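Okay, so here's the structure we're looking at.
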Amino acid sequence: MNLLTLYYFVELARELHVTNTAQKLYISQQNLSQHIQRLEQYYGVSLFHRKPKLALTYEGEQLVQHARRILLECENAERE
């Protein structure tokens with residue numbers, strides 16, 4: 001897990017649309033999906049319900065809260 005993967009996860013959680021998120025991040029859908037898969041493997045949970053449409057699982061909702069705080073702390077540290 002790294003900060004870039006967390007950032008991609010947070011952006012996908014915000015958009016809930018792989019194509020739009022990948023375009024926004026200037027990466028391929030496959031690359032975005034690989035980052036999410038690595039995160040799911042790292043934590044051993046599914047972060048998204050994929051059908052009927054993309055939605056966060058309970059574990060995904062918990063992780064997105066932590067990931068936002070982590071990214072915010074990194075931004076604060078860079079500013080200081």
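Looking only at segment 1-13, how many residues end up being without any contact (Cβ under 8 Å) to a residue 40 or more places away in the chain, under 16 Å from residue 46 (Cα atoms) and open to solvent by 60 Å² or more (accessible area, probe 1.4 Å)?
Going through segment 1-13 one residue at a time, the tally reaches 0.
Filter segment 45-63 down to residues that are part of a helix (DSSP H, G or I) and open to solvent by 60 Å² or more (accessible area, probe 1.4 Å), then give me how many there are. Don't jump to the end; show me each part of the working.
Initially, segment 45-63 is screened for residues part of a helix (DSSP H, G or I), giving 58-63.
If we keep only those that are open to solvent by 60 Å² or more (accessible area, probe 1.4 Å) as well, we get 58-59, 61-62.
Residues flagged as part of a helix (DSSP H, G or I) and open to solvent by 60 Å² or more (accessible area, probe 1.4 Å) within segment 45-63 amount to 4.
Exactly one condition in (1) in contact with a helix residue (DSSP H, G or I) (Cβ under 6 Å, 6 or more places away or on another chain); (2) modelled with pLDDT under 95 is not met by residue 39; state its number.
In the conditions (1) in contact with a helix residue (DSSP H, G or I) (Cβ under 6 Å, 6 or more places away or on another chain); (2) modelled with pLDDT under 95, residue 39 misses (2) alone.
Quick check on this structure: which one of 72, 32 is loosely packed, with under 12 Cβ neighbours inside 10 Å and in a helix (DSSP H, G or I)?
Numbers: 32 fails: loosely packed, with under 12 Cβ neighbours inside 10 Å.
Of the residues listed, the single one that is loosely packed, with under 12 Cβ neighbours inside 10 Å and in a helix (DSSP H, G or I) is 72.
I want to confirm something. Restricting to segment 14-29 and keeping residues that are surrounded by 17 or more Cβ atoms within 10 Å (Cβ to Cβ) and in contact with an Asp or Glu (Cβ under 8 Å, 6 or more places away or on another chain), which single residue is nearest to residue 56 (Cα to Cα)? Write out each step before concluding.
First, the residues of segment 14-29 that are surrounded by 17 or more Cβ atoms within 10 Å (Cβ to Cβ): 18, 21-22, 25.
Filter again for in contact with an Asp or Glu (Cβ under 8 Å, 6 or more places away or on another chain), leaving 21, 25.
Details: 21: 15, 25: 19 Å.
Checked segment 14-29; the qualifying residue nearest to residue 56 (Cα to Cα) is 21.
Considering only segment 22-67, how many residues are more than 17 Å from residue 3 (Cβ to Cβ) and β-branched (Val, Ile, Thr)?
Looking only at that region, the number is 2.
Right, residue 66: surrounded by 13 or more Cβ atoms within 10 Å (Cβ to Cβ) and in a helix (DSSP H, G or I) or not? Step through it out loud before you land on a result.
Numbers: surrounded by 13 or more Cβ atoms within 10 Å (Cβ to Cβ): no; in a helix (DSSP H, G or I): yes.
No.
Quick check on residue 42: is it open to solvent by 70 Å² or more (accessible area, probe 1.4 Å) and either among the aromatic types (Phe, Trp, Tyr) or touching a Leu at 6+ places or on another chain (Cβ under 6 Å) (or both)? Let's see the steps before the verdict.
On the way: open to solvent by 70 Å² or more (accessible area, probe 1.4 Å): yes; either among the aromatic types (Phe, Trp, Tyr) or touching a Leu at 6+ places or on another chain (Cβ under 6 Å) (or both): yes.
Judged against the criteria, residue 42 is a match.
Given the options 77, 55, 22, 13, name the one that is among the aliphatic types (A, V, I, L, M) and over 13 Å from the mean Cα position of the chain (by Cα).
Working: 55 fails: over 13 Å from the mean Cα position of the chain (by Cα); 22 fails: over 13 Å from the mean Cα position of the chain (by Cα); 13 fails: over 13 Å from the mean Cα position of the chain (by Cα).
It is 77.
The values are calculated or read from the model by the stated rules, or taken from the named source; none is laboratory data. Worth saying up front: this structure is predicted, and the values here are computed from it rather than measured. Cβ atoms come from the backbone with ideal geometry, glycine included; neighbour counts cover every protein chain shown. Side chains are part of the model used for accessible areas, which takes the heavy atoms of the whole protein and leaves out ligands, DNA and RNA. Shrake-Rupley method; radii C 1.70, N 1.55, O 1.52, S 1.80 Å.
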